[in-house]
Every structure is written in C-alpha cells, then in structure tokens.
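Colleague: Let me begin by handing over the structure; questions about it come next.
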Amino acid sequence: MKSRILFRLTLVFYGLFLLAFADASANSQAAASVDRKIQHIDANARSAHPDQKPTVFTEQEINAYLASSQIQLPAGVESVKLVGQPGVINGTARVDFDRVRAGANSSNPLLSIFSGVHEVVVATHAHGANGQGYVHVDSVSLDGIDVPNFVLRLFVEKYLQPRYPQIGIDSRFNLPDRIDSAIVGEHEMTVRQK
C-alpha cells in the first residue's frame, strides 16, 4: 500500500500535469485505466521476474486521474492539469497559498506574493533512469507573472521543504515498485520496471 501511495505521489510530482479534452464518461474510463495500470505495476513489482514490457500513461488518463477522487492533492491545490512534451512537464493549478502556508509565517516581504489564490504555471524537466527520478523546476509563474528564481527558492525552503523535505528546485528520488525508468514523451509517460 505504501509503495502504491508513493507511486501516486511520484506520478503527480514526476510529470503528469497533462490536459484532458474528453467528456466526463471518458474521464471516468481514463481514471479507471490509470488505476488498472497502477495495480499492474504494483503486482509486477512483487514478481520474482517482473515483466519488462513498458506501461504507458497518457495525458488524458493522468489528468482524469488527478481530477478524480483517487488521489488527494495537497491542501490548497486544485484543478491540476499536466502537459507532457519530450522530457518536459508543464503543469497548471489553482493554488490557495494561505492554505498551503497554513501554520508557517514569514516577515520576509519577498514572500508576500505567495498569498491569496492564484493560477500557477510550473515548467519542469523530468525523467527517470536507473531507478532514480529527477525533476528540475525551470520556472514558475503566478497569474502570468514570472517568479524570480531566488524568491522561488525562498518559498520552497520556507514553506515546502519543512513538510516535504525531498522536494526542491532540483529533486532526486527513488522510483517505487522496481521502476527502472520513466520517460516523458509527447502527451504520455512510459514506465519500465526491472
């Protein structure tokens, strides 16, 4: 169960802010498809000799899954959508920074932009190789205005890393469930287990 939750978090942080253009019934089917694929990966990880056939998650599936009740996003984060390009994941979300920062205050005026509700766009480079996931945040914008990198680093250090120590501008983490590689392609991500 823990590895399944970790895999779901990996999907969120690893690059699946992909747009879904289908109707509600197709979204329900797409979310169910992701759940079946996660179950396959989980079962395959327990096998003595895992099937090395790739598992492909489409943009539509991932966005439907993120919009479903199957995954709980962090408090204050809503309407997550991902778009995948080769090696690149761009995500959009509506973020209530007052909820994200709950219980943590700062007198630094540079961090005052992280208050209220904003449309957030995050551009990243991401991939997985040799059982390790890598994510580099290229840029972040709030309501169309780019956040300077040094201000973004202050926000990550002050508000995110105390709760999620493994998250940063540059993140490296172990891929769960014997996943050896995860490649972000054009509107899809391909996962291979070993």
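No lab work stands behind these numbers, since they all come straight from the coordinates. Keep in mind that what you see is a predicted model, and the values were worked out from it rather than measured. FYI the Cβ positions are ideal-geometry reconstructions off the backbone, even for glycines, and counts take in every protein chain you see.
Colleague: Report the relative contact order of the chain, percent, no decimals, based on alpha-carbon pairs under 8 angstrom and at least 6 residues apart. Mind showing how you got there, number by number?
Modeller: On the way: 398 pairs, mean separation 51.3, N = 194.
Contact order relative to length: 26 percent.
Colleague: For Rg and Dmax of the Cα atoms in Å, one of [x] 14.9, 41; [y] 16.8, 55; [z] 16.8, 62 was computed from the structure I shared and the rest are decoys. Which label?
Modeller: Recomputing Rg and Dmax of the Cα atoms in Å here picks out [y].
Colleague: Separation between the R153 and D138 pseudo-spin-labels, each 7 Å from Cα along Cα→Cβ, expressed in nm?
Modeller: 2.0
Colleague: If we sort 102-114, 79-91, 150-162 on the protection proxy, mean other Cβ atoms within 10 Å, highest first, what's the order? Please report the intermediate quantities before stating the final value.
Modeller: On the way: 102-114: 11.9, 79-91: 18.8, 150-162: 15.2.
Sorting 102-114, 79-91, 150-162 by mean packing, highest first, produces 79-91, 150-162, 102-114.
Colleague: If you count, for each residue, the other Cβ atoms within 10 Å and average over each peptide, how do 132-139, 28-35 line up from highest to lowest?
Modeller: Values: 132-139: 16.6, 28-35: 18.1.
Descending mean neighbour count gives 28-35, 132-139.
Colleague: At a Förster distance of 35 Å, what's the computed FRET efficiency of E186 paired with Y164, Cβ-Cβ distance as r, to 0.05?
Modeller: On the way: r = 29 Å, r/R0 = 0.83.
In this case the efficiency is close to 0.75.
Colleague: Note down the relative contact order for region 30-69 as a percent, whole number, built from C-alpha pairs under 8 angstrom at least six residues apart.
Modeller: Working: 20 pairs, mean separation 27.9, N = 40.
Taking the mean separation of contacting Cα pairs over the length of region 30-69, I get 70 percent.
Colleague: Here is a follow-up. Restricting to Cα atoms and excluding each atom paired with itself, what does the Kirkwood estimate give for region 98-176 in Å? Don't jump to the answer; show the numbers that get you there.
Modeller: Working: mean 1/r = 0.0729 Å⁻¹.
Taking the inverse mean of 1/r over all distinct Cα pairs, region 98-176 comes out at 13.7 Å.
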